[in-house]
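Let me begin by presenting the structure, written as C-alpha coordinates, before commenting on it.
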Amino acid sequence: MSRYETMFAALKGKGEGAFVPFVTLGDPNIEASERIVRALLDTGADALELGLPFSDPVADGPTIQAANIRALAAGAGLSAGLNLIRRVREDYPDVPVGLLVYANLPESFGLPEFYGGVAAVGVDSVLVADVPLREGARFAAAAQAAGVQPLFIAPPDASQERLAEIAQASQGYVYLLARAGVTGTEGGTARPAGHVIRTLKEAGAPPTLLGFGIAEPEHVRAALDAGADGAISGSAVVRLIEEHLEDEAAMLAALGNFVRRMKAATRLTD
(Lines give C-alpha, C1' and ligand atoms only; values in the text may rest on other atoms or scores of the structure.)
Protein backbone atom coordinates (compact mmCIF):
# COMPACT_ATOMS: atom_id res chain seq x y z
CA MET A 1 0.00 0.00 0.00
CA SER A 2 1.09 3.55 -0.66
CA ARG A 3 1.51 5.97 2.20
CA TYR A 4 -1.74 7.69 1.16
CA GLU A 5 -3.65 4.38 1.14
CA THR A 6 -2.28 3.50 4.56
CA MET A 7 -3.14 6.94 5.95
CA PHE A 8 -6.70 7.05 4.62
CA ALA A 9 -7.38 3.49 5.80
CA ALA A 10 -6.07 4.28 9.28
CA LEU A 11 -8.11 7.48 9.51
CA LYS A 12 -11.26 5.72 8.33
CA GLY A 13 -10.74 3.12 11.02
CA LYS A 14 -10.62 5.89 13.62
CA GLY A 15 -13.62 7.76 12.21
CA GLU A 16 -11.48 10.71 11.13
CA GLY A 17 -10.88 12.72 8.01
CA ALA A 18 -7.47 14.01 6.94
CA PHE A 19 -6.14 17.47 7.66
CA VAL A 20 -3.34 18.49 5.31
CA PRO A 21 -1.57 21.85 5.66
CA PHE A 22 0.28 23.50 2.79
CA VAL A 23 3.38 25.67 3.07
CA THR A 24 5.95 26.92 0.60
CA LEU A 25 9.34 25.31 1.11
CA GLY A 26 11.95 27.87 2.13
CA ASP A 27 9.48 30.40 3.55
CA PRO A 28 10.71 32.55 5.25
CA ASN A 29 14.09 30.79 4.94
CA ILE A 30 15.13 27.17 4.64
CA GLU A 31 16.07 26.70 8.32
CA ALA A 32 12.85 28.18 9.68
CA SER A 33 10.88 26.34 7.00
CA GLU A 34 12.13 23.01 8.30
CA ARG A 35 11.13 23.92 11.84
CA ILE A 36 7.69 24.93 10.52
CA VAL A 37 7.21 21.63 8.67
CA ARG A 38 8.19 19.65 11.73
CA ALA A 39 5.85 21.72 13.93
CA LEU A 40 2.93 21.02 11.58
CA LEU A 41 3.57 17.29 11.83
CA ASP A 42 4.15 17.30 15.57
CA THR A 43 0.84 19.04 16.25
CA GLY A 44 -1.39 16.75 14.20
CA ALA A 45 -1.06 17.15 10.43
CA ASP A 46 -1.89 13.86 8.72
CA ALA A 47 0.09 14.64 5.55
CA LEU A 48 1.87 17.56 3.92
CA GLU A 49 1.38 19.48 0.71
CA LEU A 50 4.54 21.46 -0.02
CA GLY A 51 5.14 24.07 -2.65
CA LEU A 52 8.45 24.50 -4.41
CA PRO A 53 9.24 28.22 -4.70
CA PHE A 54 8.35 29.58 -8.13
CA SER A 55 8.49 33.07 -9.60
CA ASP A 56 5.05 33.01 -11.24
CA PRO A 57 2.61 30.93 -9.17
CA VAL A 58 -0.47 31.66 -11.27
CA ALA A 59 -2.85 29.42 -9.32
CA ASP A 60 -2.05 31.15 -6.04
CA GLY A 61 -3.46 34.25 -4.45
CA PRO A 62 -1.48 37.09 -2.86
CA THR A 63 -0.71 35.30 0.43
CA ILE A 64 1.07 32.35 -1.17
CA GLN A 65 2.57 34.56 -3.88
CA ALA A 66 4.26 36.52 -1.08
CA ALA A 67 5.52 33.27 0.44
CA ASN A 68 7.13 32.36 -2.88
CA ILE A 69 8.80 35.76 -3.03
CA ARG A 70 10.17 35.38 0.52
CA ALA A 71 11.48 31.90 -0.19
CA LEU A 72 13.17 32.91 -3.44
CA ALA A 73 14.67 35.99 -1.79
CA ALA A 74 16.11 33.71 0.91
CA GLY A 75 17.79 31.59 -1.75
CA ALA A 76 15.49 28.58 -1.53
CA GLY A 77 15.28 26.47 -4.67
CA LEU A 78 14.76 22.91 -5.79
CA SER A 79 17.90 21.46 -4.19
CA ALA A 80 17.34 23.17 -0.83
CA GLY A 81 13.70 22.12 -0.84
CA LEU A 82 14.44 18.49 -1.63
CA ASN A 83 17.18 18.34 0.99
CA LEU A 84 14.67 19.64 3.54
CA ILE A 85 12.23 16.90 2.57
CA ARG A 86 15.00 14.29 2.78
CA ARG A 87 15.78 15.30 6.38
CA VAL A 88 12.12 15.38 7.41
CA ARG A 89 11.44 12.03 5.74
CA GLU A 90 14.11 10.40 7.91
CA ASP A 91 12.15 11.30 11.05
CA TYR A 92 8.61 10.87 9.67
CA PRO A 93 8.85 7.77 7.47
CA ASP A 94 5.11 7.10 7.25
CA VAL A 95 3.69 10.57 6.55
CA PRO A 96 2.51 11.17 2.97
CA VAL A 97 4.32 14.13 1.40
CA GLY A 98 3.04 15.80 -1.75
CA LEU A 99 4.60 18.51 -3.88
CA LEU A 100 2.74 21.29 -5.67
CA VAL A 101 4.77 22.65 -8.58
CA TYR A 102 4.36 24.62 -11.77
CA ALA A 103 5.17 23.04 -15.14
CA ASN A 104 8.23 25.13 -15.93
CA LEU A 105 10.10 23.60 -13.00
CA PRO A 106 10.00 19.92 -14.04
CA GLU A 107 10.33 20.98 -17.67
CA SER A 108 13.51 22.91 -16.99
CA PHE A 109 15.15 19.97 -15.24
CA GLY A 110 13.75 17.32 -17.57
CA LEU A 111 10.82 15.17 -16.50
CA PRO A 112 12.77 11.95 -15.76
CA GLU A 113 15.40 13.86 -13.78
CA PHE A 114 12.83 15.88 -11.84
CA TYR A 115 10.57 12.99 -10.90
CA GLY A 116 13.53 10.75 -10.14
CA GLY A 117 14.92 13.41 -7.84
CA VAL A 118 11.73 13.93 -5.87
CA ALA A 119 11.19 10.19 -5.58
CA ALA A 120 14.68 9.77 -4.17
CA VAL A 121 13.94 12.04 -1.19
CA GLY A 122 10.64 10.35 -0.38
CA VAL A 123 8.01 12.49 -2.11
CA ASP A 124 4.78 10.53 -2.62
CA SER A 125 2.88 12.70 -5.09
CA VAL A 126 3.25 15.67 -7.42
CA LEU A 127 0.50 18.04 -8.49
CA VAL A 128 1.43 20.25 -11.46
CA ALA A 129 -0.90 23.14 -10.78
CA ASP A 130 -0.90 24.76 -14.22
CA VAL A 131 -1.24 21.59 -16.31
CA PRO A 132 -4.80 20.46 -17.01
CA LEU A 133 -5.70 16.82 -17.38
CA ARG A 134 -5.66 16.76 -21.18
CA GLU A 135 -2.04 17.98 -21.24
CA GLY A 136 -0.86 16.12 -18.19
CA ALA A 137 -0.38 12.63 -19.60
CA ARG A 138 3.37 12.87 -20.10
CA PHE A 139 3.83 14.38 -16.61
CA ALA A 140 1.79 11.52 -15.16
CA ALA A 141 3.77 8.95 -17.15
CA ALA A 142 7.08 10.36 -15.92
CA ALA A 143 5.78 10.43 -12.35
CA GLN A 144 4.62 6.82 -12.45
CA ALA A 145 7.88 5.69 -14.04
CA ALA A 146 9.68 7.14 -11.02
CA GLY A 147 7.24 5.69 -8.49
CA VAL A 148 5.53 9.03 -7.78
CA GLN A 149 1.75 9.31 -7.73
CA PRO A 150 0.32 11.97 -10.10
CA LEU A 151 -2.45 14.19 -8.77
CA PHE A 152 -5.00 16.19 -10.72
CA ILE A 153 -7.36 18.99 -9.78
CA ALA A 154 -11.12 18.54 -9.99
CA PRO A 155 -12.77 21.92 -10.66
CA PRO A 156 -16.20 22.50 -9.08
CA ASP A 157 -17.82 23.09 -12.49
CA ALA A 158 -16.31 20.10 -14.33
CA SER A 159 -18.55 17.92 -16.47
CA GLN A 160 -19.37 14.36 -15.47
CA GLU A 161 -17.15 13.08 -18.29
CA ARG A 162 -14.24 15.26 -17.18
CA LEU A 163 -14.61 14.15 -13.56
CA ALA A 164 -14.54 10.51 -14.65
CA GLU A 165 -11.29 11.15 -16.52
CA ILE A 166 -9.78 12.89 -13.47
CA ALA A 167 -10.86 9.97 -11.29
CA GLN A 168 -9.05 7.50 -13.51
CA ALA A 169 -5.89 9.58 -13.94
CA SER A 170 -5.38 10.53 -10.29
CA GLN A 171 -3.52 8.50 -7.72
CA GLY A 172 -3.11 9.14 -4.00
CA TYR A 173 -6.01 11.56 -3.84
CA VAL A 174 -7.96 14.03 -5.95
CA TYR A 175 -7.47 17.72 -5.17
CA LEU A 176 -11.04 19.00 -5.22
CA LEU A 177 -11.55 22.75 -5.54
CA ALA A 178 -14.16 24.24 -3.25
CA ARG A 179 -14.48 27.14 -5.66
CA ALA A 180 -12.98 28.53 -8.85
CA GLY A 181 -10.19 31.13 -8.83
CA VAL A 182 -6.87 31.21 -7.05
CA THR A 183 -5.84 30.04 -3.59
CA GLY A 184 -6.63 32.14 -0.58
CA THR A 185 -9.41 32.94 1.80
CA GLU A 186 -9.80 36.24 -0.06
CA GLY A 187 -11.88 34.46 -2.70
CA GLY A 188 -14.71 33.55 -0.36
CA THR A 189 -15.74 30.79 1.97
CA ALA A 190 -15.22 27.20 0.92
CA ARG A 191 -18.33 25.54 -0.44
CA PRO A 192 -17.94 21.80 -0.81
CA ALA A 193 -19.63 20.34 -3.85
CA GLY A 194 -21.26 17.12 -2.75
CA HIS A 195 -22.37 16.14 -6.24
CA VAL A 196 -18.79 16.48 -7.55
CA ILE A 197 -17.51 14.24 -4.77
CA ARG A 198 -20.20 11.65 -5.45
CA THR A 199 -19.41 11.66 -9.18
CA LEU A 200 -15.70 11.16 -8.51
CA LYS A 201 -16.32 8.31 -6.09
CA GLU A 202 -18.73 6.60 -8.48
CA ALA A 203 -16.02 6.83 -11.16
CA GLY A 204 -13.55 5.02 -8.92
CA ALA A 205 -11.49 8.01 -7.79
CA PRO A 206 -9.05 7.79 -4.90
CA PRO A 207 -10.03 9.78 -1.78
CA THR A 208 -10.85 13.46 -2.22
CA LEU A 209 -9.32 16.38 -0.34
CA LEU A 210 -11.06 19.74 -0.52
CA GLY A 211 -8.91 22.83 -0.94
CA PHE A 212 -9.12 26.58 -1.60
CA GLY A 213 -10.61 28.74 1.14
CA ILE A 214 -10.21 26.23 3.98
CA ALA A 215 -9.44 28.49 6.92
CA GLU A 216 -11.69 27.51 9.82
CA PRO A 217 -12.65 24.26 11.57
CA GLU A 218 -16.21 24.59 10.26
CA HIS A 219 -14.83 24.50 6.70
CA VAL A 220 -13.18 21.16 7.48
CA ARG A 221 -16.36 19.80 8.99
CA ALA A 222 -18.42 21.00 6.01
CA ALA A 223 -16.00 19.28 3.64
CA LEU A 224 -16.37 15.99 5.47
CA ASP A 225 -20.16 16.37 5.73
CA ALA A 226 -20.24 16.77 1.92
CA GLY A 227 -18.40 13.47 1.51
CA ALA A 228 -14.78 14.57 1.15
CA ASP A 229 -12.10 12.52 2.87
CA GLY A 230 -10.32 15.55 4.25
CA ALA A 231 -9.26 19.13 3.65
CA ILE A 232 -6.18 21.08 2.64
CA SER A 233 -5.46 24.49 4.13
CA GLY A 234 -2.80 26.67 2.53
CA SER A 235 -3.29 30.42 2.68
CA ALA A 236 -4.54 30.37 6.27
CA VAL A 237 -1.36 28.54 7.31
CA VAL A 238 0.92 30.77 5.27
CA ARG A 239 -0.75 33.87 6.69
CA LEU A 240 0.23 32.79 10.21
CA ILE A 241 3.83 32.56 9.03
CA GLU A 242 3.55 36.03 7.49
CA GLU A 243 2.05 37.51 10.65
CA HIS A 244 4.87 36.25 12.85
CA LEU A 245 7.96 36.75 10.74
CA GLU A 246 9.70 38.64 13.53
CA ASP A 247 8.92 36.12 16.28
CA GLU A 248 9.49 32.49 15.31
CA ALA A 249 8.45 31.10 18.70
CA ALA A 250 5.09 32.85 18.42
CA MET A 251 4.82 31.66 14.81
CA LEU A 252 5.31 28.01 15.74
CA ALA A 253 2.86 28.32 18.64
CA ALA A 254 0.22 29.87 16.37
CA LEU A 255 0.73 27.19 13.73
CA GLY A 256 0.46 24.44 16.32
CA ASN A 257 -2.75 25.87 17.73
CA PHE A 258 -4.21 26.17 14.23
CA VAL A 259 -3.37 22.57 13.30
CA ARG A 260 -4.84 21.21 16.54
CA ARG A 261 -8.11 23.08 15.94
CA MET A 262 -8.36 21.99 12.31
CA LYS A 263 -7.44 18.39 13.10
CA ALA A 264 -10.03 18.25 15.87
CA ALA A 265 -12.69 19.13 13.28
CA THR A 266 -11.84 15.97 11.32
CA ARG A 267 -12.95 13.71 14.16
CA LEU A 268 -16.38 12.71 12.96
CA THR A 269 -17.39 11.03 16.19
CA ASP A 270 -16.84 14.13 18.36
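The values are calculated or read from the model by the stated rules, or taken from the named source; none is laboratory data. Quantities reported herein were computed from a predicted structural model and do not represent experimental measurements. Here Cβ is always computed from backbone atoms with ideal geometry, including for glycine, and neighbour counts include all displayed protein chains. The accessibility values were calculated without ligands, DNA or RNA, using every heavy atom of the protein model including side chains. Shrake-Rupley method; radii C 1.70, N 1.55, O 1.52, S 1.80 Å.
A rounded overall shape is assigned to the chain, the ratio a/c of its alpha-carbon gyration tensor axes (a ≥ b ≥ c) being less than 1.5.
Relative contact order of the chain: what whole-number percent is it, with Cα pairs under 8 angstrom and at least 6 residues apart?
Numbers: 534 pairs, mean separation 61.0, N = 270.
Contact order relative to length: 23 percent.
Fully extending the segment from GLU218 to ARG260 would add 13.8 nm, taking 0.36 nm per residue of separation and subtracting the current Cα-Cα distance.
By how many nm would the segment from ASN104 to ASP225 lengthen if fully extended, with 0.36 nm per residue of separation less the alpha-carbon distance? Can you show the working numbers first?
On the way: separation 121, 0.36 × 121 = 43.56 nm, distance 3.68 nm.
Gain in length upon complete extension: 39.9 nm.
In this structure the chain gives 40 Å² per residue of accessible area when probed at 1.4 Å with all protein chains present. For the chain, the Cβ-based charge dipole about the Cα centre amounts to some 540 debye (Lys, Arg positive; Asp, Glu negative; other atoms uncharged). Once backbone amide H atoms are built at 1.01 Å from N, THR24 has GLY51 as its partners under 5 Å, excluding neighbours fewer than 5 places away on the same chain.
Each peptide in 45-54, 206-215 gets a packing score, the mean of other Cβ atoms within 10 Å over its residues, and the list from highest to lowest is 206-215, 45-54. Subtracting the Cα-Cα distance of LEU268 and ASP94 from their residue separation scaled by 0.36 nm leaves 60.3 nm. The GluC sites (Glu not before Pro) of the range 214-263 that meet both conditions, a loop assignment by DSSP and at most 16 other Cβ atoms within 10 Å of the site Cβ, are GLU246. Reducing the range 197-268 and the range 110-172 to their Cα centroids gives an inter-centroid distance of 22 Å.
If I compute solvent accessible area with a 1.4 Å probe over the protein chains, what percent of it on the range 3-264 is carbon and sulfur? The C+S portion of the solvent-accessible surface of the range 3-264 is 51 percent.
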